[in-house]
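Colleague: Take this structure, written in structure tokens, and hold onto it; I'll ask about it next.
The values are calculated or read from the model by the stated rules, or taken from the named source; none is laboratory data. Predicted model, so just to flag it, every value in this text is computed and none were measured. Positions of Cβ are generated from backbone atoms using ideal geometry, with glycine treated the same way; all protein chains shown enter the neighbour counts.
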Amino acid sequence: MDSKYNPKDIEAHWYQYWLDNKLFHSEPDCREPFTIVIPPPNVTGVLHMGHVLNETIQDILVRRARLEGKNACWVPGTDHASIATEAKVIKRLKEQGINKSDLTREQFLKHAWDWTDEHGGIILKQLRKLGCSCDWDRTAFTMDETRSKAVIKVFCDLYRKGLIYRGLRMVNWDPERQTALSDEEVIYHDEHNKFYYLRYRVAEDPTKYAVVATTRPETIFGDIAVCINPKEEKNQWLKGKHVIVPGVGRVIPIIEDRYVEIGFGTGCLKVTPAHDVNDYMLGQKYKLKTIDIFTPDAHLNMDTIEPELQPNVRKYHGMDRFDCRKAIVEDLKALDLVEKIEDYDNKVGYSERTNVPIEPRLSLQWFVKMQHFADIALPPVMNDDIVFYPAKYKNTYRNWLENIKDWCISRQLWWGHRIPAWYDAELLAQTGLENYPDDKILVCEGDPNTQMVNGKCQNGKWIQDEGALDTWFSSWLWPISLFNGIDDPGNKEINYYYPTSDLVTGPDIIFFWVARMIMAGYEYVGKMPFKHVYFTGIVRDKLGRKMSKSLGNSPDPLDLIERYGADGVRMGILLSAPAGNDILYDDALCEQGRNFCNKIWNCFRLIKSWEVADNAPSLEERAGERFAIKWFEAKLAQSEAEIADLFSKYRLSEALMEIYKLYCDEFSGWYLEMIKPAYQQPIDRGTYEATLAFFDRLLRLLHPFMPFITEELWHGLEPSKQGCAVRSIMNATLAPIGNVDTAILAEVEDLKAIIAGVRNARAAKNIPPKERLTLISPVALNPLVEKLANVEIKVTGDGLQVTGNCSKFIVGTTEFAIPMDAFINVEEELKKLEADLQHQQGFLRGVMAKLSNERFVQNAKPEIVALEQKKRSDAEARIAALEEAIRALKG
RNA sequence: GGGCGUUUAGCUCAGCUGGUUUAGAGCAUCUGCCCUACAAGCAGAGGGUCCGCGGUUCGAAUCCGUGAACGCCCACCA
């Protein structure tokens, strides 16, 4: 065996072995199910560090569940990511010199599918390199047949229930992609902007003017009124008057509404119902008309302005909204219609996907009524039927649901599930879309032109709605549709795998996805979609910056796997990733992971290097080995219980750290040193087999975290077949949680302290480990001390009674001495002992302060008082021993 | 403007309902070791006014109040 672990070939070999033997595949059976559905990555995405974190955690949970004997099923898949993918396809087409607008819907979709088939699923291949144990036979896509059918069926069902409606609303419009977005897809950024104070001359008396403050002067073309608060003193004079929109010439009324905040700005608010949510609300209230001055790509459209005003504004036609802002301000300045311009900080909404400023736009869209869903989704989280880790996200969740707004689900995109709503061609030609009567819309699963709908043939020619559905409208069904639970409710799979066990995802999609899955789960299965939600943090670089392409601070995971091995990377990403905390990624963490692999590798190498002698003295005659085995059994049992507890709390990085310390400190550092045979001596069979059994248990504990190396070494143990058809650690089960012998654990902690005392003395005096020393002890000691500290033990019986120069130390209340006349430096030794003495005296003072406080003795619990008394007597004993040692040294 | 969270060693974090030998871990640092499992290692060491202030208590990193810094979420003040 090589002295270093080389992951490359080993990882490829075992992953193929797992695939060949279908070890990831699950079918319903009599075992308890354990299900995770993957948060589907974008079909055209590539693996980044966020995925590595997320998928590693899921794999750990799934593999641990398998070892617990559950029927674990991790369902993989990808998301069609409507807007993101459409953008990528458009970009690629552009590179080929093709504009989307030159293509028909069918032609465009052909390109999109080609792209999906070509690049789609790369990310799933990459997950295999990480060791992810997904059931690849179940790989799904949000736009495959089963998932699409579920989406359409749910749309129709909700429409029938009156929970989906069509309406002309002010929506968030992305001028880049030219589609509506949901509120959740808008990200607000703080910006330093300007506040423009514009003069609106009074029509009745043009020598006077009202001053209106606005951040968006380019929208004045759509101004319909100026609103004041009826209670505001300084604007009373404007009541009932009219003003002239500067630069435009439109005469508009002054209206009054308490919505306008007294004292803010000038108290005069320009009302532009087509381009502002609040203005729209005012427009509705006062039945004002709306003038939409923008084209869908947010350029000025002056064709909508009243003909008589056209000459005034024609020059702005076709201008970009931000160019127009500059132009109109300059023009108004020239006309002396700008009072002043101030700096102003406000928030501007940007499209999450295209990162361009959102334009509020009045348009005809489809919505889901959300109050009903909020009502069914809030209680299960608040009363912990569904448990969030960390729990703080319950607040976030509640806050959103208690202020729920209707969900805009239609998108003016082609890549996605097409809205199954149909319009009668003839009627549509008469009315247009906006005025098409709702009760004449046909919402159905099939095509009414070619098949029966609602049990009958639909006469006439039907035209389908042009829109596609929000991607999340398919994602929210994911845990159900993966098991075909929408189209075939109550089927064997949905009954078995649903509710799923754990969901692992980022808190950034708690509203987009988590909340909506809970809604859909209760609506369509009547049960929660998952029992636990583990929110991961954001992966940042070690300086705390978000990883991004532009910063170039995001390492390529495949490159990391190449350098550190998949197991090393898994450990690296997990080590400092408590649930919900951001993780500061650093290559050093992967390095630690790689080093750990090497450590385990070498433990194994050591054990395997021993010659087993059947004729050697048996374990019965070896007290030291028997003791070591008994101790490690206790230690292992303790850790197994601890790790199980940590898993139950989803404290995975702590569980891994526990295993790490168990291997490095307890097993390698102590146990193996205890039982290690002398140079070129064989080991007895009893000890050898006990050690192999321990190693086996250690591998099973570690396997969920580091699947590859544990599988490799587990085979090296040549374990018995255990009645399994396929030999794999994946088919093993964890050791049951046993009782812990705490007495022996305490005993060994003392032994370790004594050995450390000797080593410490050696280090201080530069005595090599090879040189055998004498350890004078007042009590009999376990012979393992002789072996591990390389000392000869002299027991003095009552008291230490040592004369001459020696190094002394105390463990508990017992004093030990190591004679070393040749090396001793009395002054240094005294200094050390005196420092210790001072520390002990300080400690005693603290204890005494408590014990001499009557109120403490009266009020504290008796066991606490007893403990303080023990501290006191122990400290006194140590002080006496130290004083004695100092006296001896001085004398 | 509301709400939530964080602040403990150089770094990343544990420390649950106050008392567990005057605060723990991993990493990093320093010192000494290539001793035939492992230098990707071993042995040892140093390192903290538990963010500040006030309070409750016999006793506070832990509970309460207050202030500060940082972070996140939500909100229609033009």
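Colleague: From the list A:698, A:784, A:702, A:773, exactly one residue is within 16 Å of RNA strand B (Cβ to nearest atom), at pLDDT 90 or above, buried (at least 21 other Cβ atoms within 10 Å of the Cβ) and more than 40 Å from the chain's Cα centre (by Cα). Which is it?
Modeller: Just one listed residue meets the conditions, A:784.
Colleague: Part of a helix (DSSP H, G or I) and at negative phi: which single residue out of A:785, A:779, A:726, A:740 fits that description?
Modeller: One residue alone meets the criteria, A:785.
Colleague: With the checklist (1) within 9 Å of RNA strand B (Cβ to nearest atom); (2) out of contact with any strand residue (DSSP E or B) (no Cβ under 6 Å at 6 or more places or on another chain); (3) closer than 20 Å to residue A:255 by Cα; (4) not hydrophobic (A, V, I, L, M, F, W, C) in hand, flag the one item residue A:183 doesn't pass.
Modeller: It is condition (3) that residue A:183 fails.
Colleague: Being among the β-branched types (Val, Ile, Thr) and buried (at least 17 other Cβ atoms within 10 Å of the Cβ) is the filter here; which residues of the stretch A:377-409 pass it?
Modeller: A:381, A:386, A:404, A:409
Colleague: Out of (1) under 17 Å from residue A:665 (Cβ atoms); (2) more than 15 Å from RNA strand B (Cβ to nearest atom); (3) not hydroxyl-bearing (Ser, Thr, Tyr), what's the single condition that is false for residue A:756?
Modeller: (2)
Colleague: Right, next: Please go through (1) part of a helix (DSSP H, G or I); (2) of a type in the set (D, E, K, R); (3) loosely packed, with under 15 Cβ neighbours inside 10 Å for residue A:11 and return the number of the only condition it doesn't satisfy.
Modeller: Status for residue A:11: all satisfied but (3).
Colleague: Identify, from the list A:710, A:691, the residue that is more than 30 Å from residue A:129 (Cα to Cα), part of a helix (DSSP H, G or I) and among the polar types (S, T, N, Q).
Modeller: Result: A:691 is the single residue among A:710, A:691 that is more than 30 Å from residue A:129 (Cα to Cα), part of a helix (DSSP H, G or I) and among the polar types (S, T, N, Q).
Colleague: Report the residue count in the stretch A:639-662 for those that are buried (at least 20 other Cβ atoms within 10 Å of the Cβ), more than 9 Å from RNA strand B (Cβ to nearest atom) and of a type outside the set (Val, Ile, Thr).
Modeller: Here the count works out to 7.
Colleague: Continuing with the same structure: Name the pairs whose Cβ atoms lie under 6 Å apart, with the first residue in the stretch A:254-267 and free of Cβ contacts under 8 Å to residues at least 40 places away in the same chain and more than 19 Å from residue A:244 (Cβ to Cβ), the second near RNA strand B (Cβ under 6 Å from one of its atoms) and not hydroxyl-bearing (Ser, Thr, Tyr), and 6 or more positions between them or separate chains?
Modeller: If the second residue must be near RNA strand B (Cβ under 6 Å from one of its atoms) and not hydroxyl-bearing (Ser, Thr, Tyr), the pairs left are A:260/A:269.
Colleague: Taking the condition surrounded by fewer than 12 Cβ atoms within 10 Å (Cβ to Cβ) and charged (D, E, K, R), does residue A:323 pass?
Modeller: Answer is no for this residue.
Colleague: Restricting to the stretch A:845-891, what's the tally of residues that are outside any helix (DSSP H, G or I) and either among the polar types (S, T, N, Q) or under 18 Å from residue A:813 (Cα atoms) (or both)? It would help to see each step written out before you state the result.
Modeller: Looking only at the stretch A:845-891, we keep the residues that are outside any helix (DSSP H, G or I), and these are A:852-853, A:860-861, A:891.
Checking which are either among the polar types (S, T, N, Q) or under 18 Å from residue A:813 (Cα atoms) (or both) leaves us with A:852-853.
Total satisfying the criteria: 2.
Colleague: Quick one: would you say residue A:614 is under 29 Å from residue A:647 (Cβ atoms) and more than 6 Å from RNA strand B (Cβ to nearest atom)?
Modeller: It is false that residue A:614 is under 29 Å from residue A:647 (Cβ atoms) and more than 6 Å from RNA strand B (Cβ to nearest atom).
Colleague: Do we find that residue A:267 is over 43 Å from the mean Cα position of the chain (by Cα), surrounded by fewer than 18 Cβ atoms within 10 Å (Cβ to Cβ) and of a type outside the set (Val, Ile, Thr) in this structure?
Modeller: no
Colleague: Pairs under 8 Å by beta carbon, first residue closer than 19 Å to residue A:476 by Cα in the stretch A:383-407, partner among the basic types (Lys, Arg) and within 12 Å of RNA strand B (Cβ to nearest atom), six or more apart or different chains?
Modeller: A:388/A:394
Colleague: A follow-up question, please. Given (1) farther than 19 Å from residue A:35 by Cα; (2) more than 12 Å from RNA strand B (Cβ to nearest atom); (3) free of Cβ contacts under 8 Å to residues at least 12 places away in the same chain; (4) not acidic (Asp, Glu), where does residue A:566 come up short, assuming only one miss?
Modeller: Status for residue A:566: all satisfied but (3).
Colleague: For residue A:882, work out the one condition from (1) within 10 Å of RNA strand B (Cβ to nearest atom); (2) in contact with an Asp or Glu (Cβ under 8 Å, 6 or more places away or on another chain) it doesn't fulfil.
Modeller: The one condition residue A:882 does not meet is (1).
Colleague: Here are A:413, A:401: which of them is under 39 Å from the mean Cα position of the chain (by Cα) and part of a loop (DSSP other than H, G, I, E, B)?
Modeller: Result of the check over A:413, A:401: A:413.
Colleague: For the stretch A:819-857, how many residues meet the condition of being more than 8 Å from RNA strand B (Cβ to nearest atom), among the polar types (S, T, N, Q) and more than 28 Å from residue A:762 (Cα to Cα)?
Modeller: The qualifying residues number 1.
Colleague: Can you run down the residue pairs with Cβ atoms below 7 Å, 6 or more apart or on separate chains, where the first is in the stretch A:751-763 and without any contact (Cβ under 8 Å) to a residue 12 or more places away in the chain and the partner is surrounded by fewer than 16 Cβ atoms within 10 Å (Cβ to Cβ)?
Modeller: Note: pairs meeting the criteria are A:762/A:769.
Colleague: Is one or more of the residues making up the stretch A:783-791 touching a helix residue (DSSP H, G or I) at 6+ places or on another chain (Cβ under 7 Å), β-branched (Val, Ile, Thr) and free of Cβ contacts under 8 Å to residues at least 40 places away in the same chain?
Modeller: Checked against the condition, which is being touching a helix residue (DSSP H, G or I) at 6+ places or on another chain (Cβ under 7 Å), β-branched (Val, Ile, Thr) and free of Cβ contacts under 8 Å to residues at least 40 places away in the same chain, the stretch A:783-791 yields at least one hit.
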